[in-house]
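Asks: Please find one structure pasted underneath; my questions will follow.
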Amino acid sequence: MNGSPILATRGLVKRFGGVAAVDGVDLAVMAGEIRCLIGPNGAGKSTLFKCLTHQHQPTSGHVLFNGRDLRGLPTHRIARLGIAIKNQIPSVYANLSVRENIRLAALPRGLAKRELGKVVELTLNEIGFDDPLAKQSAATLSHAHRQWCELGMLLASNPRLALLDEPTAGMTRDEMLKTVDIIKRLNAHATVIVVEHDLEFIARLAQRVTVLHRGRVLVEDTMDKIEANETVRDIYLGRKKEIVHAQG
């Protein structure tokens, strides 16, 4: 992970009226990293994500992808550079099957028909969907399976940078553990930045954690050091909250 960051922000600000939801954020994420963003509600995590892909246009500051300033680029141009985002609410084609969703996600790669088919089947295997489930309409999937379908779409699209906003929200612990495995497979090919609240999930996944508070970066460190940080415990974890450590 030496060299220049794959993603960096410089003095990034996003205001809504007189309120700065993101207030001068400087962030640097290295290629191949899994970075988790945490913070209390209203800390600016989701707004920051949307600024990175210009779903929200930053008020000021810069977003750099491999050194290229993304200022002025529309969302679809940013996606073509290899940045993919998974928002809190799964975005799948409800009337299509899981296999068709994944195939559509892989189409922009311009693969030959045979190679495209291989990518689709490999992706289905990576998210653990057997043939009956792959044929199922996305509209009929459970919440967790819809999340995994969308993660499969990200895998199939082969992004250079994947932004995941609360991918385990509403999941059971077993479902969360499966999601960890899928994201690790995604990280074999892409840098990953995740917004999440589940502390066990973060401990199992993150190589480095950035804590946001009131739209600013409060601290960045390993999860062990974040858990031990008294300021973080006060504003986010809470002094009386038992920290859940990953087992195994």
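Asks: Take the residues in segment 115-136 that are surrounded by 15 or more Cβ atoms within 10 Å (Cβ to Cβ) and not in a helix (DSSP H, G or I), then tell me which one is nearest to the chain's Cα centre (by Cα).
Replies: I127
Asks: Now for a separate question. Among the numbered criteria (1) in contact with a Ser or Thr (Cβ under 8 Å, 6 or more places away or on another chain); (2) aliphatic (A, V, I, L, M); (3) at pLDDT below 95, which single criterion is violated by V19?
Replies: The single condition V19 does not satisfy is (1).
Asks: Output the residues belonging to segment 72-100 that are out of contact with any Pro (no Cβ under 8 Å at 6 or more places or on another chain) and either within 21 Å of A28 (Cβ to Cβ) or acidic (D, E) (or both).
Replies: L73, I78, L81, I85, E100 - these are the residues of segment 72-100 that are out of contact with any Pro (no Cβ under 8 Å at 6 or more places or on another chain) and either within 21 Å of A28 (Cβ to Cβ) or acidic (D, E) (or both).
Asks: Would segment 60-74 turn up any residue that is modelled with pLDDT of 95 or more and among the β-branched types (V, I, T)?
Replies: Yes, segment 60-74 contains a residue that is modelled with pLDDT of 95 or more and among the β-branched types (V, I, T).
Asks: Return the only residue of L164, L212, L155 being in a helix (DSSP H, G or I), of a type outside the set (S, T, Y), crowded, with 20+ Cβ neighbours inside 10 Å and touching a helix residue (DSSP H, G or I) at 6+ places or on another chain (Cβ under 9 Å).
Replies: L155
Asks: Also: Of the residues T191, T168, T179, which is in contact with a Ser or Thr (Cβ under 8 Å, 6 or more places away or on another chain) and either modelled with pLDDT of 95 or more or basic (K, R) (or both)?
Replies: Checking each option against the conditions leaves just T179.
Asks: Turning to a different aspect of this structure: If you scan segment 1-32, which residues turn out to be without any contact (Cβ under 8 Å) to a residue 24 or more places away in the chain and assigned to a strand (DSSP E or B)?
Replies: Within segment 1-32, F16, V19, A28 qualify.
Asks: Name the residues in segment 215-226 that are surrounded by fewer than 20 Cβ atoms within 10 Å (Cβ to Cβ), in contact (Cβ under 8 Å) with a residue 24 or more places away in the chain and outside any strand (DSSP E or B), would you?
Replies: Within segment 215-226, no residue meets the criteria.
Asks: Let me ask another. Could you list all residues from segment 1-27 that are among the β-branched types (V, I, T) and surrounded by fewer than 18 Cβ atoms within 10 Å (Cβ to Cβ)?
Replies: V13, V19
Asks: Ok, one more. Which residue out of G44, G32, G11, G17 is on the phi > 0 side of the Ramachandran plot and either in contact with a Leu (Cβ under 7 Å, 6 or more places away or on another chain) or of a type in the set (A, V, I, L, M) (or both)?
Replies: From the options G44, G32, G11, G17, the qualifying one is G44.
Asks: Filter segment 168-209 for residues that are under 16 Å from T123 (Cβ atoms), assigned to a helix (DSSP H, G or I) and in contact (Cβ under 8 Å) with a residue 12 or more places away in the chain and give the result.
Replies: Answer for segment 168-209, where residues must be under 16 Å from T123 (Cβ atoms), assigned to a helix (DSSP H, G or I) and in contact (Cβ under 8 Å) with a residue 12 or more places away in the chain: K178, T179, I182, I183, K184, R185, L186, N187.
The values are calculated or read from the model by the stated rules, or taken from the named source; none is laboratory data. A quick note: this is a predicted structure, and the numbers were derived from the prediction, not measured. Note that we place each Cβ from the backbone using ideal geometry, even for glycine, and neighbour counts take in every protein chain shown.
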